[in-house]
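Before any comments, here is the structure.
Only the coordinates and a few stated rules stand behind these numbers; no lab work does. This is a predicted model, so every value here is computed, not measured. FYI the Cβ positions are ideal-geometry reconstructions off the backbone, even for glycines, and counts take in every protein chain you see.
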Amino acid sequence: MLARVCSAAVNGIEAYPVEVEVNAGWGETLIIIVGLPDAAVKESRDRVTTALGNSGFKFPMGRTTINLAPADVKKEGPSFDLPIALGMLAASEQLETDQLENFIAVGELALTGAVRPVKGVLTIALRARAEGKIGVLVPAENAAEAAVVAGLQVIPLQNLREAAGFLEGTLKIAPTKVNLTEIFNQPHDDEFDFAEVKGQESVKRALEIAAAGGHNVLLIGPPGTGKSMLAKRLSTILPPLTLEEALETTKIHSIVGLLKPGQALVTRRPFRAPHHTASDAGLLGGSINPTPGEISLAHHGVLFLDELPEFKRSVLETMRQPLEEGRVTISRAAGTMTFPSEFMLVAAMNPTPDGKMPGESRSSPREIQNYLGRISGPLLDRIDLHVEVPAVKFREITSEQTGEASAQIRERVIAARQRQHARFTGRPGLVCNARMGSRELKAHCALDEATLELLKMAMADLNLSARGYDRVLKVARTIADLAGVEKIAAEHVAEAIQYRSLDRQLWT
C-alpha cells in the first residue's frame, strides 16, 4: 500500500515542501530511503522502527521504500522522523485517516516514541500557511514558535501515539495559541544599564546618535576606559522590535537552534559578540551547506567586534558587502544562499599595539602603522561615527552620582525613530537614516549655503571620500531628528563632522 505524508525542510532561511512517500510491498523485510538523504535522514530508519515497536505498533514486514520528494534536493536533519513514521503506519494500514494531506508534520523521534524538538519550525509553519494547509504537527517544545503564524492550527505532540490518535480522530488535542501582545509586553530584566556608567558623557551622546539612526560606531581608546561596557549597553537604548522584525529575527535563530524550549519569539534586539579568532564562515555563515553566521544572527540588533585589529583582515573585508547592502550572499558547491544582515556594527580597538595613545606609546611608528593598517580605509568609510573613549577621571569614578538611565535615553531614541518612520512612509525596508540611499539623501538632507560651505571645508581638511560625505549627512540628519527639527542646521553638521575626524588623526 502507498501512503503520502506532507512535510517540509529548510533551505537557507526559507522552507520548501517535502512529500514523504511510503510504499509497503512484498519481499524480504527491508527499509530503503531514497531522495538524497544525508546521514541523519538515513539513520531515521533505525530510530523510526524502534520507536514504532516501543509505541505499541507492529514492525512493518516486507520491502518498505521511502521516497523524499523532490528527489533532486538534499534532505538534512532528523525532522523527517515523524512523517516517515506516520507514513509507515498508514502504508501498513495501522493508521486510517484522511487528514494526512491537510497537515505538515515535522519532528525527531526518540527510541521511546517521544517527539523531540527540531530547528526551523517557524519557517516551516509559514510555508504550511502559504501551501494552504490546515495546520502543522510539531513537537510540543516547538509549538509556541509555530503558533505565532496566524490562521494555522498548531498541534503540539509529546509522542508518536498522540500523533496517530489525533489523525484518526480518537484523541482531541487543543491547538496551541499565543498572545502576541502579552509576549511583547513581557518585562525584561535588563542586565545592563547606562546609569551604571560613570562619566563618558561624550561617548554616551555618540551611542545615542548611533541608536537613533542605526549608525555603525568605532570606539577607540586605551584599555580599561569602558569600551566594552558601553557597547554592551547599546542594545538597552534601541527601540523595541516590531512584529515583522521579530519574525525575521526569530526565523534565523530558530534555524540555528538558538531558541529556548517553549520560546515563541525573539522580542529583544540581539547582541552578538564573536571572538576575534572567528573565521569568515563563522562570521558570515557558511560550511558545506550554508547556514547563517554571526552577522545574520545580529539581524535587527548589534554586532560587537572587540579588539577590531585582531580580527583577520580577510574576515573584516568580507563584511563590506553586508554593511553596505544589509544582506550577505554565500556561494558554495551546494548552492547560493542570501541571508539578511541589517545590523549595527559596534567595534572597539586600542589606538596603538600597547594600548596607549600615539603620543604616549612606546611602540615604534612602524609598529603603530602596521597595527592600524590591519583595518582598511573602505571598511572605515562604512563606519559612521569614530569616537574617542578617554580614561575616566578619578572624581568621576568615586562620585556617588549615577548617569542617565537607559530608559530615559531610549525614549529620545524612539521619538527620533518615529520621525524617520513618518518620513520614510511608503518605502518598505527603509526604517532608519543609516539605510538612506542617494535619492533619500537628496530629498531629506538639503543644506543651506553656509552649512554646505562648512561641509566643503571639512571634506577638504579631512580628505573625506564620497561615501564619507554621505555618512556625515546621514549622521547630521539623525542629530536633527534627536533635536526635533526638520531642517539640518550648521551645528548638526559640525557635530557629525567631529565624529569623522578622530580616525583621520590616527591613520594619517
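The HN-Hα couplings worked out from phi for region 362-369 by the Karplus form 6.51 cos²θ - 1.76 cosθ + 1.60 (θ = phi - 60°) are 8, 6, 6, x, 5, 5, 5, 5 Hz, whole numbers, x standing for Gly and Pro. Restricting region 365-409 to trypsin sites (Lys or Arg not before Pro) that sit in a DSSP loop and have at most 11 other Cβ atoms within 10 Å of their own Cβ leaves Lys393.
Principal-axis analysis of the Cα atoms of the chain puts helix 406-423 at an angle of about 80° to the longest axis. Which whole-number percent is the relative contact order of the chain (Cα, under 8 Å, 6+ apart)? Value for the chain: 13 percent.
Inter-part distance, region 110-148 to region 76-95, computed on C-alpha centroids, equals 15 Å.
Using only the alpha carbon atoms of the chain, find the Kirkwood hydrodynamic radius as the inverse mean reciprocal pair distance, in angstroms to one decimal.
Taking every pair of different Cα atoms in the chain, averaging 1/r and inverting gives 25.5 Å.
For Asn11, nonlocal amide neighbours, meaning residues 5 or more places apart or on other chains whose placed amide H falls under 5 Å from its own, are Tyr16. Which angle from 0 to 90°, rounded to the nearest 10, does the C-alpha axis of helix 121-130 make with the longest principal axis of the chain? Helix 121-130 sits at roughly 70 degrees to that axis. Translational diffusion of region 125-245, estimated by Stokes-Einstein from the Kirkwood radius over alpha carbon pairs at 20 °C in a medium of 1.002 mPa s, is 116 µm² per second. Packing here is the average count of other Cβ atoms within 10 Å per residue, and on that basis the peptides 84-92, 253-261, 459-467, highest first, run 84-92, 253-261, 459-467.
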